Amino acid sequence: MTANYKRTLVIGASSGLARAIITQTLQTPDNHVVGVSRALNSIDHPRYQHVISDYDAELTIENVGSDIEDFKFDQVFCCVGTLHDDVVFPEKKIEDLSPTQLNHYFQVNVVIPSMWLKKLPVLLNKKTHTHAVFFSARVGSISDNRLGGWYSYRATKSALNSLIKSAQIELKRRLPKTALVLYHPGTVDTPLSKPFQNNVPNGKLFTPQFSAEQLLTMLPTLSENQAPHYIDWQGKTIPW
Ligand SMILES: NC(=O)c1ccc[n+]([C@@H]2O[C@H](COP(=O)([O-])OP(=O)(O)OC[C@H]3O[C@@H](n4cnc5c(N)ncnc54)[C@H](OP(=O)(O)O)[C@@H]3O)[C@@H](O)[C@H]2O)c1
């Protein structure tokens, strides 16, 4: 079940989770969905518009943002994030830390989402209750860190959490009907989790469709009064 949102923006629209969100939100009659991604995706629907952006610089995001700000979105999802790619792989020990890795993780996991956070005041509909969801991860919790490792990925998700916490305080004045949400989707079967799926207990590797549905079902219940919400796929609050 999804709420009756009319305008949805999905950033990082090629990600496994983003595609599940787009497909499910398009099931709401009259909902128009805009996806932003570095690449084309194969979603073909009369109420779906795809915008290509390499999000390389603030200017690029500024330009894409200006193209779509007339939509006045009710919900925004920022799915951008990397755990491993051709530049980075999560560190096992402190000797693996490198400026190249740290810079890349910060660029993708913090700088790009922050530049979209900055656009929320012009992108969101101020007249209705709105949600902006940033994909975080449980490993971004500082107090819940029992295993260590994955230094840069953890640090960048913690940094994203901190930014969203500060932003909510400011938005209580500027966008009083907006709730910011940091979502941990569980371990989901997407390219991001592929190298680590052998360690996942039976029944705990979710499909993108399941994790997206969990989020879309709970979203209307997340009020701006208690925001920001740092929650997992069950709707349980994660300690900061
Ligand atoms: N899958 C999991 O188990 C899991 C668990 C916890 C948290 N998460 C979080 O959930 C979010 C979505 O992940 P996913 O599992 O759907 O991963 P995915 O399929 O690998 O998608 C990764 C997303 O990040 C963007 N991205 C990756 N590298 C980038 C780069 N170098 N520059 C710019 N954008 C880049 C991609 O954007 P384009 O559309 O432009 O390609 C894509 O939207 C991430 O923030 C991730 O940290 C996932």
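Assessment of the stretch 207-229 against the conditions (surrounded by 18 or more Cβ atoms within 10 Å (Cβ to Cβ), without any contact (Cβ under 8 Å) to a residue 60 or more places away in the chain, assigned to a helix (DSSP H, G or I) and within 19 Å of the chain's Cα centre (by Cα)) yields at least one matching residue. Note on the stretch 37-56: among residues that are more than 17 Å from the chain's Cα centre (by Cα) and of a type in the set (D, E, K, R), the one that is farthest from PHE73 (Cα to Cα) is ASP56.
Selection over the stretch 153-183 of residues that are polar (S, T, N, Q), closer than 13 Å to ILE238 by Cβ and either more than 14 Å from the chain's Cα centre (by Cα) or at pLDDT below 95 (or both) gives a count of 0.
Every listed requirement among (1) among the hydrophobic types (A, V, I, L, M, F, W, C); (2) free of Cβ contacts under 8 Å to residues at least 60 places away in the same chain; (3) surrounded by fewer than 22 Cβ atoms within 10 Å (Cβ to Cβ) is met by MET115 save one, (2). Selection over the stretch 192-230 of residues that are near the ligand (Cβ under 10 Å from one of its atoms), under 15 Å from HIS131 (Cα atoms) and in contact with a strand residue (DSSP E or B) (Cβ under 6 Å, 6 or more places away or on another chain) gives a count of 0.
Which one is farthest from the ligand (Cβ to nearest atom) among residues in the stretch 140-191 that are of a type outside the set (S, T, N, Q) and assigned to a strand (DSSP E or B)? It comes out as ALA179.
The values are calculated or read from the model by the stated rules, or taken from the named source; none is laboratory data. Remember, predicted model here, so these are calculated numbers, not experimental data. Cβ sites come from the backbone with ideal geometry, for glycine too, and all protein chains shown count toward neighbours.
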